[in-house]
Each structure stands twice: as C-alpha cells, then as structure tokens.
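Here is the structure we will look at, set down as structure tokens.
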Amino acid sequence: MYLRAFKEQLVAGPVGARPRAGEYTSRFERWDALASVRRRPRREFEGEGTGSLFFPPELYPVVKHPMVASRGEAVVRGLLLQRLYDYLDFTTELENLAVIPVATKISRGRSGLGLPEHMRADAHKIVTDEAWHAQFSDDFVRQITSSTGCPRLGVEGSEGPSFVTRLDELRERLPHALRGVEALLFAIVSETLISGILSDIPRDDRLPSPVRELVRDHAEDEGRHHVYFRSVLRYLWPALTPSERRAVGPLVPGAIHAFLEPDYGRAASHLAGIGLKREEIDQVISESWPAHEVRRDISGAASQLTRYFAEVGALDDVRTLSSFEEAGLVGIVHESEKAGYVPREVTA
Ligand SMILES: [Fe+2]
Ligand SMILES: [Fe+2]
C-alpha cells in the first residue's frame, strides 16, 4: 500500500513522454514574512462584540425569506450562526480532501507533470498554508460553540458538505485510466474561483471582528494560491493528450458548480430545525435561490477561471465548450471583467 501510494501520480505515465510547456513565477519568495501561519496570531472569538451578525444574510438568502424572517430575529441569528459553522466546516473539508492531497503530490514530484523545482518547493508551502486554514477553521468552530453555547446542528449522520458528493459523481464519469487527473483539476478549480465569502466578509463590519480577521487571513494566502494554480493549469493542459482533454474538459463546469452552488441539503436541515415542514422548506429554498440567479452568481465567480481555461485552449473542444455554455459560464461579460478586475480572493 505504501509503495503504491509512493509511486502513484496524479497524471499517469512517464513524465518525459508528455509535452512540457508553461511558465512559473513564484509568489512565495517572501512566504515567511507573508503567510498567515507565520505572521498572524490565532484568532480568538471573544463574544460577538460590536458585530451583530454571524454571516452576511445576502450570502444566505433563506434568512430573508418571509417564511423565515417572520419567525423573529433570534431564529435568523441562529441560522446565520449555523451558516458560519457550515462555512468553517466546508473550509476544513475542502483543504483536507481537495487541496492538501494534490499539493502534497506536487511537492513530492508526483504530479505526473514536468514542473520546475521551485514550483514543487512552493507546493510544500501551500500544504502548510492549507493545513493552517483547516486547523484555524476547526478551532474557530470550537471557540464559537463554547462562547455562544450554541452547538453546530444537524451534523449527525450527515454526508458532509455537498461538494464531496458532487465531486464523487463527476469522478465516476471519468475513465479509470484517467483517475487522478480530476483531483488536479478540482484543486485548480477550487483554488482559482473567487467566492463572495472570501471577498465580502473581511469588509463586512456587521460581523464580529475575529470572524472578519480569520477570513481575511485566509483570503490573503489564497491570493498566492490562485496565481500558483493558474500556473499549474498552464502546465497541465498542454501535457494532456487530445483524448484526455476531451474526457476531462466537460467536467470543469460541474466542478465549478460543486464548489459554488449552495448546499441545499444543509439549508434544508437547518430549516427543518426551526420547525418548517417539507413543503415549506422546498418553497423557501426554491424562492431564495432561483436557478437563474444561482447560475448568474456562479458565472460571475468563475469568470476569471473560465478565461484561464479558454487561454489554455480548453474551450477549443466542442463538448467542453458546450458544457461551459450549458452551465451559463460563457457568453456573459461580467462587471468585474469590464473593470479590469484583478483577483485577490478565492475559495480555499
Ligand atoms: Fe488555497
Ligand atoms: Fe485555504
């Protein structure tokens, strides 16, 4: 088992047989001075302080639905607290399941790609960053639970965040010979998306300052990871054969949705917890997250990533392009692009 794990590459086959292309400029040379694990203190949750909300209601619109809002402020606050717990748990799982294993493989030279030595060395720093993000998110849940006396609810028997199941479903669609590539692809996707959470929370003074500081610490590290994984994509795509590209390209929109689509299952569980019946839950969820709005928001958050895939030629394949079109990811000019927006914050 250990020997197999040692040898296993993300992209199978001899590295020398694959075209080697791409370029890499490190953003990690000042890592010791910049990384949150080195530079930032443990964030301590010392009560709610001046912040009156645990999570921005705009990012969790079920709380604004009349059938929920009418239940009173305490119910809304409780739901926003649960949403914060879910976000922190999502972060810990994402780092552990989707990013750390891939960065570890890259760091040990087993990506299957011909990456420069200093890119491998930087992958070690990403592993450390992500382990710290997972640790501080988990620690923060414990601190908030003990400070507020409100535990995280609805996790007994839960299958975890919805992205886990969604990624498994995508993986099942790949030929066995290609297993491993999808892990690399999912890491690239999750690390180059721009989520509203990382970009909005640090600036939202309705939230307790330790929450904002914790998310800001994370977002600053993720700015470097974003640039890194964009480079990984630039090495990956030319290294794949045309048939490999045709197999994995159409999975990208599904991966984007896996990370960004609301976790309806968790929301349903929380709504049941406040006493809503099944039909009421369905109504609240469908009216709070109309499908066209969800698609529009995801498309906006993925616009940079979509451009990166277009730049490496991924959309030259007809099936890949049509999967991007069906997901509503191409053909829309977003405000961020018009303004020449430069990404700073991403999902994990
Ligand atoms: Fe990251
Ligand atoms: Fe992270």
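Quick notes on this one:
- Those helices (runs of 4 or more DSSP H) of the range 36-99 in which at least 3 residues are buried (at least 18 other Cβ atoms within 10 Å of the Cβ), considering only elements entirely within it, cover 73-94.
- Considering only residues in the range 100-115 that are surrounded by fewer than 20 Cβ atoms within 10 Å (Cβ to Cβ) and touching a residue at least 40 places away in the same chain (Cβ under 8 Å), the one that is farthest from ligand 2 (Cβ to nearest atom) turns out to be G114.
- The criterion of being among the basic types (K, R) and under 20 Å from the mean Cα position of the chain (by Cα) does not hold for K64.
- Candidate set from the range 286-322 (those that are of a type in the set (A, V, I, L, M, F, W, C) and within 16 Å of H226 (Cβ to Cβ)); member that is surrounded by the most Cβ atoms within 10 Å (Cβ to Cβ): A302
- Filtered residues of the range 100-115 (kept if among the small types (G, A, S) and part of a helix (DSSP H, G or I)): A103, S107
- Here the condition is being assigned to a helix (DSSP H, G or I), within 16 Å of ligand 2 (Cβ to nearest atom) and not β-branched (V, I, T); of H118, H124, it holds for H124 alone.
- Figure legend. Inter-residue proximity from the range 141-152: first residues outside any loop (DSSP other than H, G, I, E, B), second residues at pLDDT 90 or above and among the β-branched types (V, I, T), beta-carbon distance below 9 Å, spacing 6+ or different chains. Indicated pairs: V141/T92; I144/V211.
- In the range 210-235, residue farthest from ligand 1 (Cβ to nearest atom) [restricted to those that are within 16 Å of the chain's Cα centre (by Cα) and β-branched (V, I, T)]: V215
- One residue from G313, G265 being touching a residue at least 12 places away in the same chain (Cβ under 8 Å) and in contact with a helix residue (DSSP H, G or I) (Cβ under 6 Å, 6 or more places away or on another chain): G265
The values are calculated or read from the model by the stated rules, or taken from the named source; none is laboratory data. Just so it is clear, the structure is predicted and the values come from calculations on it, not from any experiment. We place every Cβ from the backbone using ideal geometry, glycine too, and count neighbours over all the protein chains shown.
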